[in-house]
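Read-outs throughout are calculated quantities, based only on the coordinates presented, and are distinct from any laboratory measurement. Predicted, not measured: the structure shown is a model, and the values here were computed from it. FYI the Cβ positions are ideal-geometry reconstructions off the backbone, even for glycines, and counts take in every protein chain you see.
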Amino acid sequence: MIDVAGRCVAVDTWGEGHPVYLMHGWGGWRGQLGCFVRPLVEAGFHVIAFDVPGHGDSGPSMQGRRRGNGLEFIRALRAVAAEFGDPLGVIAHSYGCATTAIRDGLGLGRLVCVSPSVDPMTNVHMMARTFGIGPRTMGRLLARIERLAGRPLSDFDPRTVAGERPPTLVIHDRQDKEVPYAEGAAFRASWPTAELISTDGLGHQRILRDPEVVDRAVGFLVSTA
């Protein structure tokens, strides 16, 4: 466990060498990326996986247990990197891709985004449709979200990131029902240093356990080491 702005963050590490971080998504935990650990260690990397506050085995976030916001994803990555070193690479899933791409100045050699969620409004609009939220309430909701995060929602859209963009591999399934494939394609289109690998039938979670996906992700990082 390490301290992140007064919050307790659970961390696992394996192996030795250049640091590679495993970043889970919204509502996820570090174990979801477990299939990447052994191949990365065998490739000579020091693998670090952690749970963002409010997720997995970490302590409560600023909003309490099983709650959080994007800012805490960024803070957690920066704090863990301060402990173990700037990453040669990060393998991120879903919402973790957006916060990893932003990273607020953190040094990063290469980035692997699996099923990236890049549009911060996707889930907000989905919730609005589910609960029948009207425009007036939506405006108040967005204002509250931005007040809790301490920055505008547009800051959590990696397509708007300025400055250097590391070489990036985007892997997304065409049948992903949680994060539309169109988001991965839009990320690739807006990120000049990215390439896109498309899969079929793996969905949003099984893609993390697919041997070919794991091999492509590890191979992409090995080419930098």
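Report D for region 1-154 in µm² per second (integer): Stokes-Einstein, Kirkwood Rh on Cα pairs, 37 °C, 0.692 mPa s.
Value of D from the Cα-based Kirkwood radius: 204 µm²/s.
Taking the 0 to 90 degree range and rounding to the nearest ten, how far is the long axis of helix 70-84 tilted relative to the main principal axis of the chain, both from C-alpha atoms? It works out to around 20 degrees. Of the residues Thr100, Thr13, the one with the fewest other Cβ atoms within 10 Å heads the list, and the complete ranking is Thr13, Thr100. For the chain, relative contact order (Cα pairs under 8 Å, six or more residues apart, normalised by length) works out to 19 percent. Net length available on complete extension from Thr13 to Lys177 is 55.9 nm, with 0.36 nm assigned per residue and the Cα-Cα distance removed. Basic side chains Lys and Arg get +1 at the Cβ, acidic Asp and Glu get -1 at the Cβ, and with that the dipole of the chain about its Cα centre reaches some 900 debye. Among Glu195, Glu72, Glu146, a tally of other beta-carbon atoms within 10 Å of each Cβ gives an order, fewest to most, of Glu195, Glu146, Glu72. Ranking of Trp29, Trp191, Trp14 by neighbouring Cβ atoms within 10 Å, starting from the fewest: Trp14, Trp29, Trp191. Taking 0.36 nm per residue of separation and subtracting the current Cα-Cα distance, fully stretching the chain between Arg78 and Thr193 would add 39.2 nm. Largest GNM mean-square fluctuation across Arg129, Arg159, Arg65, computed for the chain with C-alpha springs under 10 Å, falls on Arg129. Taking the 0 to 90 degree range and rounding to the nearest ten, how far is the long axis of helix 181-190 tilted relative to the main principal axis of the chain, both from C-alpha atoms? Roughly 70 degrees, rounded to the nearest 10.
With springs only between Cα atoms under 10 Å, which of Ala185, Ala82, Ala92 fluctuates most in a Gaussian network model of the chain? Per the Cα network of the chain with a 10 Å cutoff, Ala82 tops the list.
Distances between placed amide hydrogens fall under 5 Å for Gly54 paired with Gly59, Ser61, Arg66, all partners being 5 or more residues away or on another chain. Proximity of backbone amide H atoms, modeled 1.01 Å from N, is registered between Val4 and Val9 at under 5 Å, excluding neighbours fewer than 5 places apart on the same chain.
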